[in-house]
Amino acid sequence: SLMLQEVASLPGHTDRVWSVSWSPSGNLLATCGGDKTVRLWGKEGGSEDAKWVCKGVLEESHQRTVRRVAWSPDGTYLACSSFDATCTVWEHKDGDFQCIATLEGHENEVKAVSWSASGALLATCSRDKSVWIWGMDDDRDFECVSVLHGHTQDVKAVLWHPEREVLASAGYDDTIKVWLDDDDDWYCAHTLTGHQSTVWDISFDAEGRRLVSCSDDNTVIVWKYFVQTKDGVPMQNDISGKWLNVCTLSGAHSRCIYSVDWSHLTGLIASGAADDAINVYKKVQTPEAASVDEGRTEAYERVATMQKAHTGDVNCIEWNPKITNMLASAGDDGFVKLWRYVPRGE
C-alpha cells in the first residue's frame, strides 16, 4: 500500500546532493552537490520503461559546493549557484552545455538562484544577507539590476512568481519577503512572519496566489494572498493586499524541513526533511469554513509518507512539471531518487 513508489535510485555524485531541478520539458533532471559538479539525468531511449541514466557532468566551473540549480523557463539555460560566491549560467544547445557567464558580486556562499517567468531576470541570494537581481541582454551579457537589502541574516531561498515579476525570498531571520519593482526600483512590499526558526524553502502554487514555506521549526505554512477591495471591486495591484497564513502543518516531520514544492500539475505539495522522510499533502475541500471566514483558513492533509526516502537528510524535492505525480529527491547519502505518487484507489 505504498503511496510513494521508488522509480529509480541514481548513484554518481561523490558527496551529498543538494538540489534537483527538472527541465521545463520534464525529460532532463539537473542535480548538484558537495562534489562541485552538476549532473544531468535523462531516459536511455524513448520507451516508457526506459532506464534513467546520467547524460552528462558539468565540472571544473566551481571551486566549492554547487548548492542550487535552476532552469530558465524555456529550458535554454541552466543556472548554478555555489559556495564559491559565484553563479554560473550554462547554455543547453543540441544536447551540449556551454558556460556562457559567471556572475560575481556576492561576498560569500550563493545559496539559491531562480529565473523569472519571462526568463529575462535571474535572482540570486547569499549568506551575505543580500538578494541580487540580474538582467540578461540580447548578447547574453548579464548585469546586476538591483541589490536588495532587507534580510538581517543568511538568505536561504529565492523564487520568482510563476507569472509576474514579483520575487520572494526567505532565510535565517525566520521571515519571507516579497519584493516588487517600481520602475526598476525594487523594494520589500510584504514581510511574512509566522515561522519560529530559519525558513529553508518556498514554493508558489500554479497561479501564484499561494505560497508554501518550510522551516527549521518543523512546520510547513501555506500563505494566501488576499486582494484588497475598494467599493467591492478587487484592486489588482500587488501592494495593497495581504499575505496571510491560512494553514500551518505540524507533526508531519520530526526534524528540520529543508525543501517544499507545490506541483503546478496536481496542486499537491511535497516536503523533504532532516528526518530522512518525504511527505505529500493535498488540499481538503471545506466549503462551510470558506463562507465563515472568507477563505482565511484552509485545510491540507498528508496523503503519503516515505519514511526512509534517503539514508540521510532529504535536501531537495521537486515535482516533474510534465509527468504527473513524478517526484525527484536529493539526499545527504549522495543519491538522487525518482518517485511516483500513487493516489489512493489507483
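Counting other Cβ atoms within 10 Å of each Cβ, which GluC sites (Glu not before Pro) in the stretch 84-160 have at most 15 and sit in a DSSP loop?
Numbers: sites: Glu91, Glu104, Glu107, Glu109, Glu143; in loops: Glu107, Glu109.
Those satisfying the criteria are Glu107.
Report, in deg cm²/dmol and to the nearest 500, the calculated mean residue ellipticity at 222 nm for the chain, where each DSSP H run with n ≥ 4 adds -39500 (n - 2.57) and the sum is divided by the residue count.
Calculated mean residue ellipticity at 222 nm is -500 deg cm²/dmol.
Using a simple charge model, +1 on the beta-carbon of Lys and Arg, -1 on the beta-carbon of Asp and Glu, nothing else, what dipole does the stretch 142-226 show about its Cα centre, in debye to the nearest 20?
On the way: 6 positive and 16 negative charges, 83 e Å.
Dipole about the Cα centre, nearest 20: 400 debye.
Exceedance of the 31 Å cut-off in Cα-Cα distance is limited, within the set Lys129/Lys230; Lys283/Lys337; Lys51/Lys282; Lys36/Lys242, to Lys129/Lys230; Lys36/Lys242.
May I ask for the equivalent-ellipsoid semi-axes of the stretch 121-202, computed as the square root of five times each C-alpha gyration tensor eigenvalue and listed largest first in whole Å?
On the way: eigenvalues 102, 34, 23 Å².
Whole-Å semi-axes of the equivalent ellipsoid: 23, 13, 11.
With viscosity set to 0.692 mPa s and temperature to 37 °C, compute the Stokes-Einstein D of the chain, Rh being the Kirkwood radius across alpha carbon pairs; µm²/s, no decimals. Rounded to a whole number, D works out at 162 µm²/s. Note on the stretch 244-331: Cα-only Rg and Dmax are 14.1, 45 Å. Scanning residues 5 or more positions from Gly33 or on other chains, those with amide H under 5 Å from its amide H are Trp18, Val66, with H placed 1.01 Å from N in the peptide plane. Considering only Ser118, Thr88, Thr65, and ranking their Cα positions along the charge dipole of the stretch 14-153 that arises from unit charges at the beta-carbon of Lys, Arg, Asp and Glu, the one farthest toward the positive end is Thr65. In the stretch 1-112, the portion of solvent-accessible area held by carbon and sulfur atoms comes to 40 percent [1.4 Å probe, whole percent, DNA, RNA and ligands not counted].
For Lys93 and Ser240, what is the calculated FRET efficiency with R₀ set at 30 Å and r taken between the beta-carbons, to the nearest 0.05?
On the way: r = 43 Å, r/R0 = 1.44.
That gives a FRET efficiency of 0.10.
Each of Ser9 and Glu48 was given a label point 7 Å from its Cα along the Cα-to-Cβ line. The distance between the two points is 2.6 nm.
According to the Cα gyration tensor, what semi-axes, each the square root of 5 times an eigenvalue, does the equivalent ellipsoid of the stretch 1-85 have, listed from largest to smallest in whole Å? Before the final figure, lay out the partial values.
Values: eigenvalues 109, 48, 30 Å².
Here the semi-axes work out to 23, 15, 12 Å.
Spatially, the stretch 100-122 and the stretch 255-270 are offset by 23 Å when compared through their Cα centroids. Taking 18 Å as the straight-line reach from the Cα of Lys308, the aspartates and glutamates in range (excluding those fewer than 8 positions away in the same chain) are Glu6, Asp275, Asp276, Glu318, Asp332, Asp333.
Can you work out the accessible area per residue across the chain, with the rest of the protein chains kept in place, probe 1.4 Å, in square angstrom? The partial results should precede the final answer.
Details: 15010 Å² over 346 residues.
On a per-residue basis, the chain sits at 43 Å².
Could you tell me what percent of the accessible area of the stretch 125-186 is made up of carbon and sulfur, with a 1.4 Å probe and every protein chain present? Here carbon and sulfur together make up 34 percent of the probe-accessible area.
Rounded to the nearest 20 debye, the dipole magnitude of the chain is 1180 debye, with +1 charges on Lys and Arg beta carbons, -1 on Asp and Glu beta carbons, and the Cα centre as origin. Say R0 is 30 Å: what FRET efficiency, to the nearest 0.05, do Tyr187 and His264 get from their beta-carbon distance? Once rounded, the FRET efficiency stands at 0.60.
The fraction of all Cα pairs in the stretch 8-156 landing in successive 10 Å bins from 0 to the largest distance is 12, 42, 34, 11, 2, 0, given as whole percents.
The values are calculated or read from the model by the stated rules, or taken from the named source; none is laboratory data. What you see is a predicted model; the values in this text were computed from it and never measured. All Cβ positions, glycine included, derive from the backbone under ideal geometry; neighbour counts span all protein chains shown. The accessibility values were calculated without ligands, DNA or RNA, using every heavy atom of the protein model including side chains. Shrake-Rupley method; radii C 1.70, N 1.55, O 1.52, S 1.80 Å.
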